[in-house]
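The values are calculated or read from the model by the stated rules, or taken from the named source; none is laboratory data. Computed from a prediction, not measured in an experiment: that's the story for all the values here. Note: ideal-geometry Cβ built from the backbone for every residue, glycine included; neighbour counts use all protein chains shown.
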Amino acid sequence: MQGAGSNNGLYFPEEIKEKARDFFNDIDACTFPQMATEILYDFAEADFTYQELLDICTRAFNFPIPLVKVNERIYSLELFHGPSLAFKDVGARFLAEVLKKIAEKEGEEITVLVATSGDTGSAVARSFFNVEGIRVVLLYPSEKVSKIQEKTLTTMGGNILSLEVMGTFDDCQNLVKKAFADKEAFAGKKLTSANSINVGRLLPQAVYYFWAWHQLSEAERKNVVISVPSGNYGNLSAGGIAWKMGLPVKRFIAASNINKVVPDYLESGNYQPRDAVRTLSNAMDVGDPSNFVRIREMFHDDHQQIKALIRPFVANDDQTREGINKLYTESNYTADPHGAIGYLGCKNRMDGNETGVFLETAHPAKFKDIVEESIHTEIELPEYLREIQNKPKQSTQMPADYNKFKEWLMENI
Ligand SMILES: *Cc1c(COP(=O)(O)O)cnc(C)c1O
């Protein structure tokens, strides 16, 4: 419920237990919800029974997550088959089911605040729409999300309120952080966050790393590297948690666009936040990734250890377009700009005997214009995206100013 800790601190498990050896044999027969329950029960047993958690997982993870072979050595883990067509559905749907259960148990209204660079917002909006006892306030940076993304953020109505912030994603994130820190203004209100800073979203993301691994052959499992298109570093933090739980992957690749604060840290040991720059892979346009401290925490801030486990990779917009094109022409695979950077991460940072898995984080149709430009072919829109095209935008413009935001919140929640 407490999205962030006091002083803007982030919650993190005190202990991450390593799984016993049998676990890795037994999970081969599991469905995704069963595997999720096995993995997450370690963190949830104080709050839910095993059966309650299994019910939550069964309702949350009701879409497929296939591992698709792209070429001899590289696979795509397609995380975009959920309702909003992006990987954030995994965390958002789990959190929605958990909060629904809490609201039910406590009988109190909950307000969820979310800063989004695009896909978080639509995942949260779709997951929480019409959920009784819960209201959602979405903040997104004006003109920094694609047209289709904006539709997904602003057309739901009902219990989903959208704010178009005149600033960057980092501004949105700061407004949300300040509201959480402002105990005085919101005393008596139940505020929570659905950003990737919420552990309720972070932990379930660890599950699909196990899921990917378990779909590979015995031989391939020996040398697996996983490339994670990264922006706010929730996804890669979850990979680190899976690794700490004993998932036998060899390495991760932090696949980044030119907002390369973390790749630079991996090279130099210096963490230098800076302003975000706009790119084609806009869900990764983050200049001061909130979750990266979690990776530092996990490895006791030991730069050498972190560097040994995570290799950096950076692609600019031209390389991203080229990556989309190559994947299409050489492997007949259509990727979105984020996934394409993940793929390039595999291609450029794998060693000879390794098998690579890149996380395909969004449906290519969410970035239709860029993808079509890159592959010179039209792609079809899934039904959900066709439907929202004609719905009217409902959002309120908001300056990147905490006092204005606070006033609005106090009136509207
Ligand atoms: C959010 C997002 C990312 C970045 O994930 P982080 O957990 O913030 O690093 C990558 N790709 C897509 C499509 C996203 O929506």
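Taking strands (runs of 3 or more DSSP E) as the structural unit, those lying wholly within region 49-164 and holding at least 3 residues that are touching a residue at least 24 places away in the same chain (Cβ under 8 Å), over 27 Å from A36 (Cα atoms) and not small (G, A, S) correspond to 134-141. Restricting S117, S146 to residues that are within 14 Å of the chain's Cα centre (by Cα), closer than 16 Å to N282 by Cα and among the hydroxyl-bearing types (S, T, Y) narrows the list to S117. Might you let me know whether region 46-62 holds any residue that is modelled with pLDDT of 90 or more, in contact with a Gly (Cβ under 7 Å, 6 or more places away or on another chain) and more than 16 Å from the ligand (Cβ to nearest atom)? No, every residue in region 46-62 fails to be modelled with pLDDT of 90 or more, in contact with a Gly (Cβ under 7 Å, 6 or more places away or on another chain) and more than 16 Å from the ligand (Cβ to nearest atom).
Of the residues examined, F80 is one that is under 30 Å from G158 (Cα atoms), at pLDDT 95 or above and within 16 Å of the ligand (Cβ to nearest atom).
Could you check, for region 129-147, whether at least one of its residues is farther than 19 Å from I413 by Cβ, crowded, with 22+ Cβ neighbours inside 10 Å and polar (S, T, N, Q)? Scanning region 129-147 turns up no residue that is farther than 19 Å from I413 by Cβ, crowded, with 22+ Cβ neighbours inside 10 Å and polar (S, T, N, Q). Do we find a residue being part of a helix (DSSP H, G or I) and in contact (Cβ under 8 Å) with a residue 24 or more places away in the chain anywhere in region 350-362? Within region 350-362, none of the residues are part of a helix (DSSP H, G or I) and in contact (Cβ under 8 Å) with a residue 24 or more places away in the chain.
Suppose we filter region 109-124 for residues that are more than 11 Å from the ligand (Cβ to nearest atom), out of contact with any Gly (no Cβ under 7 Å at 6 or more places or on another chain) and modelled with pLDDT under 90; how many remain? Qualifying residue count for the region: 1. Scanning region 216-234 for residues that are among the hydrophobic types (A, V, I, L, M, F, W, C) and farther than 29 Å from D264 by Cβ, we see that the one that is surrounded by the fewest Cβ atoms within 10 Å (Cβ to Cβ) is A219.
Evaluated against (1) more than 16 Å from the ligand (Cβ to nearest atom); (2) touching a Leu at 6+ places or on another chain (Cβ under 9 Å); (3) more than 17 Å from M35 (Cβ to Cβ); (4) not aromatic (F, W, Y), N223 falls short on exactly one condition, (2). Whenever a residue of region 190-212 is free of Cβ contacts under 8 Å to residues at least 40 places away in the same chain and more than 30 Å from D26 (Cα to Cα), it has no partner that is more than 12 Å from the ligand (Cβ to nearest atom) and among the aromatic types (F, W, Y) lying with C-beta atoms less than 8 angstrom away and at least six residues away or across chains. Among the residues examined, E407 does not qualify as under 26 Å from S237 (Cα atoms) and either at pLDDT 95 or above or surrounded by fewer than 16 Cβ atoms within 10 Å (Cβ to Cβ) (or both). Annotation: W213 fulfils all but one of (1) within 27 Å of F94 (Cβ to Cβ); (2) buried (at least 18 other Cβ atoms within 10 Å of the Cβ); (3) within 16 Å of the ligand (Cβ to nearest atom); the unmet one is (3).
When each of K19, K88, K69 is tested for being modelled with pLDDT of 90 or more, among the basic types (K, R) and in contact with a Gly (Cβ under 6 Å, 6 or more places away or on another chain), the lone residue that passes is K19.
Among residues of region 298-315 being of a type outside the set (A, V, I, L, M) and under 19 Å from the mean Cα position of the chain (by Cα), the one that is surrounded by the fewest Cβ atoms within 10 Å (Cβ to Cβ) is P312. When K393 is tested against (1) in contact with a Ser or Thr (Cβ under 9 Å, 6 or more places away or on another chain); (2) surrounded by 15 or more Cβ atoms within 10 Å (Cβ to Cβ); (3) within 17 Å of L138 (Cα to Cα), exactly one condition is not met: (2).
The set of residues in region 1-57 being among the hydroxyl-bearing types (S, T, Y) and surrounded by fewer than 11 Cβ atoms within 10 Å (Cβ to Cβ) consists of S6 alone.
I'd like the residue in region 192-202 that is within 13 Å of the ligand (Cβ to nearest atom) and part of a helix (DSSP H, G or I) and, out of all such residues, is surrounded by the most Cβ atoms within 10 Å (Cβ to Cβ). Spell out how you get there, then give the answer.
Of region 192-202, the ones within 13 Å of the ligand (Cβ to nearest atom) are 194-198, 201-202.
Pick out the ones that are also part of a helix (DSSP H, G or I) and you get 201-202.
Values: R201: 27, L202: 25.
The selected residue is R201.
Has region 374-384 got any residue that is surrounded by 18 or more Cβ atoms within 10 Å (Cβ to Cβ) and either closer than 28 Å to I253 by Cβ or basic (K, R) (or both)? Among the residues of region 374-384, at least one is surrounded by 18 or more Cβ atoms within 10 Å (Cβ to Cβ) and either closer than 28 Å to I253 by Cβ or basic (K, R) (or both), which makes the answer yes.
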